[in-house]
Amino acid sequence: KLIRRDRASEETSRRLLIEARAAARLTHPSIVRVFDFGETERGDPFIVMELVDGEPLRLLLARKGRLPAASAVRTLLPVAAALGAAHVEGVVHRDVKPENILLASGPRGVVVPKVADFGIAMLLRGDDERQVTQDGIVLGSPDYMSPEQVRGEKDLDERSDVWSLSVVLYEALAGRPPHEGDRMTRLAASRREGAARPLGEAAPLA
């Protein structure tokens, strides 16, 4: 991943560095590895990551609509383990969604889910991230944001990732997220009012 110097702001460069530091802490098999980061001879900030042979979960869901319960759980359990490992190291991803879950082709055709894109990760240890994020600034993908993300709260913790992963699981089973809307205010109201259709109705498992 490279940001051209003529398009890089101080904030985007800082976020790339945060992403590199966050991912470099993590060695879980279901997290895309970061091997190096720095600047090119022209001053372009970059990070060097593992090359993943596969596709995002988003493309699989687009083809199939929704997944059988066993397949959905089997796919997302390694993601839960990866996020747990990140949380132990003080890293909150903040943008868990199907686009950031890569389904890598492993040996003998085994699919290995991998969490990618720590571009807006929060480091719970150290003040790098807290110098970048301000109260009231909303970061993340609306359909998968936790309520505290929607409100733009600064002091998020691991529970925000748990919410987002639960939304991904719901979508994998039901074929759509539990809360939908075309604007942040609509999404926020939907969460407050508890308007999500029960999963048992949205995706009967029997």
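The values are calculated or read from the model by the stated rules, or taken from the named source; none is laboratory data. All of these numbers come straight from a predicted model, not from anything done at the bench. Here the Cβ positions follow ideal geometry from the backbone for every residue, glycine too, while neighbour counts run over all protein chains shown. We work out accessible area using only protein heavy atoms, side chains counted, and drop any ligands, DNA or RNA first. Shrake-Rupley method; radii C 1.70, N 1.55, O 1.52, S 1.80 Å.
Quick notes
- The set of residues in region 14-40 that are closer than 30 Å to G109 by Cα, in a loop (DSSP other than H, G, I, E, B) and of a type outside the set (D, E, K, R) comprises L26, T27, H28, P29, S30, V32.
- Applying the criterion of at least 1 residues that are under 24 Å from R74 (Cβ atoms), modelled with pLDDT of 80 or more and out of contact with any Pro (no Cβ under 7 Å at 6 or more places or on another chain) to the helices (runs of 4 or more DSSP H) found wholly in region 130-206 leaves 158-174.
- Boolean, G43 is part of a loop (DSSP other than H, G, I, E, B) and among the small types (G, A, S): yes
- Test for G43: is it modelled with pLDDT under 90, at positive phi and open to solvent by less than 70 Å² (accessible area, probe 1.4 Å): yes
- Meets criteria (over 22 Å from P147 (Cα atoms), part of a helix (DSSP H, G or I) and touching a residue at least 40 places away in the same chain (Cβ under 8 Å)) for A81: yes
- Any chance E50 is surrounded by fewer than 20 Cβ atoms within 10 Å (Cβ to Cβ), touching a strand residue (DSSP E or B) at 6+ places or on another chain (Cβ under 8 Å) and either of a type outside the set (A, V, I, L, M) or over 30 Å from R151 (Cβ atoms) (or both): yes
- Filtered by the rule that a residue be open to solvent by 70 Å² or more (accessible area, probe 1.4 Å) and under 20 Å from the mean Cα position of the chain (by Cα), region 9-40 gives E11, R21, R25, T27, P29, R33, F35.
- Leading residue by the ranking (nearest to G152 (Cα to Cα)) among those in region 114-128 that are touching a Leu at 6+ places or on another chain (Cβ under 6 Å) and modelled with pLDDT of 90 or more: A116
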